[in-house]
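The values are calculated or read from the model by the stated rules, or taken from the named source; none is laboratory data. Predicted model, so just to flag it, every value in this text is computed and none were measured. Cβ: placed from backbone, ideal geometry, glycine included. Neighbour counts: every protein chain shown.
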């Protein structure tokens with residue numbers, strides 16, 4: 001059963017937008033499966049960050065969080081995500097060789113927008129905290145994600161849906 | 001050994017062809033130079049940009065040399081062909097005729113190179129199916145940091161014009 005179906009209809013929702021594209025989608029937090037991750041990220045909202053297309057994992061974009069956002073592993077069995085899945089992951093100090101983009105450690109959100117994707121990094125497949133799933137407007141949102149292959153990084157806005 | 005110069009965003013890098021290892025592939029590549037197009041960043045194979053071949057520049061070459069197993073090093077330049085049957089969706093940066101059939105130079109510019117789904121998933125490699133060809137045919141011998149930065153910029157700023165031509169120096 002999908003996470004979004006497994007969690008109650010009363011779960012909190014977030015809106016993810018590309019303000020410059022006019023593309024927006026709504027996601028349900030998977031509070032039963034990842035309560036601590038959901039709480040921690042909910043408390044950070046609203047977030048306005050740069051997103052870039054992934055170069056390891058397929059149809060996925062990533063948004064870098066402040067490195068201080070270090071969360072414990074939770075709901076990490078999903079390494080073959082579905083389109084619309086949103087996850088958190090953390091790469092500790094010394095994970096990278098050198099400091100790509102000036103980072104020696106990294107806290108990130110990943111958004112999977114199409115199938116045939118698998119969270120992955122320089123050391124292979126990643127265990128990630130799956131904490132949300134897009135429940136509406138994925139098609140339009142996916143087009144804006146794919147467009148990043150051709151136009152580069154974009155600003156992304158994540159807000160609470162109250 | 002013959003050499004190729006790659007020009008990207010006001011920078012350039014020089015590669016040496018592996019004439020003694022894959023002579024047929026090198027001849028075929030040499031014969032279509034110069035080639036130019038909008039280079040695109042890889043989504044599966046880490047620090048790699050691609051120069052798409054199309055129109056009268058398209059190459060459909062058989063495999064040559066020792067079979068590769070995803071062990072790609074920074075500086076490697078690979079001839080890559082993928083049959084339309086291997087593709088799902090379209091590569092929208094390319095002209096309509098060539099959005100599903102991929103013929104391109106895969107340029108691995110950074111470390112680590114060649115990981116990601118392309119290396120880890122055997123079905124994705126087209127192994128044993130003849131639906132995909134991946135032949136290492138050249139290596140950079142002079143790739144200054146500013147050229148490598150321009151390669152990485154494609155990920156952040158989008159497509160950029162890339163030219164490959166014979167180095168006659």
Report task. Starting from residues that are within 14 Å of chain B (Cβ to nearest Cβ), in contact (Cβ under 8 Å) with a residue 24 or more places away in the chain and surrounded by fewer than 17 Cβ atoms within 10 Å (Cβ to Cβ), keep the ones in the stretch A:123-145 and report whichever is farthest from residue A:22 (Cα to Cα). Result -> A:123
Query raised in the report: So, of the residues in the stretch A:115-139 that are at positive phi and out of contact with any strand residue (DSSP E or B) (no Cβ under 9 Å at 6 or more places or on another chain), which turns out to be modelled with the highest pLDDT?
Result: A:116
Query raised in the report: Would you say residue B:88 is without any contact (Cβ under 8 Å) to a residue 60 or more places away in the chain, away from chain A (no Cβ under 14 Å), surrounded by fewer than 16 Cβ atoms within 10 Å (Cβ to Cβ) and farther than 22 Å from residue B:163 by Cα?
Result: no
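This table checks each residue for (1) in a loop (DSSP other than H, G, I, E, B); (2) closer than 18 Å to residue B:159 by Cβ; (3) within 14 Å of chain A (Cβ to nearest Cβ).
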| site | (1), (2), (3) |
| --- | --- |
| B:16 | no, no, no |
| B:24 | no, no, no |
| B:48 | no, yes, yes |
| B:65 | yes, no, no |
| B:77 | no, no, no |
| B:94 | yes, yes, yes |
| B:103 | no, yes, no |
| B:112 | no, no, yes |
Query raised in the report: Residues in the stretch A:85-101: is at least one surrounded by fewer than 16 Cβ atoms within 10 Å (Cβ to Cβ), more than 14 Å from chain B (Cβ to nearest Cβ) and more than 22 Å from residue B:47 (Cβ to Cβ)?
Result: no
Requested in this report: For the stretch B:30-46, enumerate the residues that are outside any strand (DSSP E or B), modelled with pLDDT of 95 or more and either touching a strand residue (DSSP E or B) at 6+ places or on another chain (Cβ under 6 Å) or within 14 Å of chain A (Cβ to nearest Cβ) (or both).
Outcome: B:33, B:34
Report summary line: The residue that is nearest to the other protein chains (Cβ to nearest Cβ), considering only those in the stretch A:55-77 that are part of a loop (DSSP other than H, G, I, E, B) and in contact (Cβ under 8 Å) with a residue 60 or more places away in the chain, is A:56
Query - Residues satisfying the stated conditions in the stretch A:146-157, i.e. surrounded by fewer than 21 Cβ atoms within 10 Å (Cβ to Cβ) and within 14 Å of another protein chain (Cβ to nearest Cβ) - result: A:146, A:147, A:150, A:151, A:152, A:153, A:154, A:155
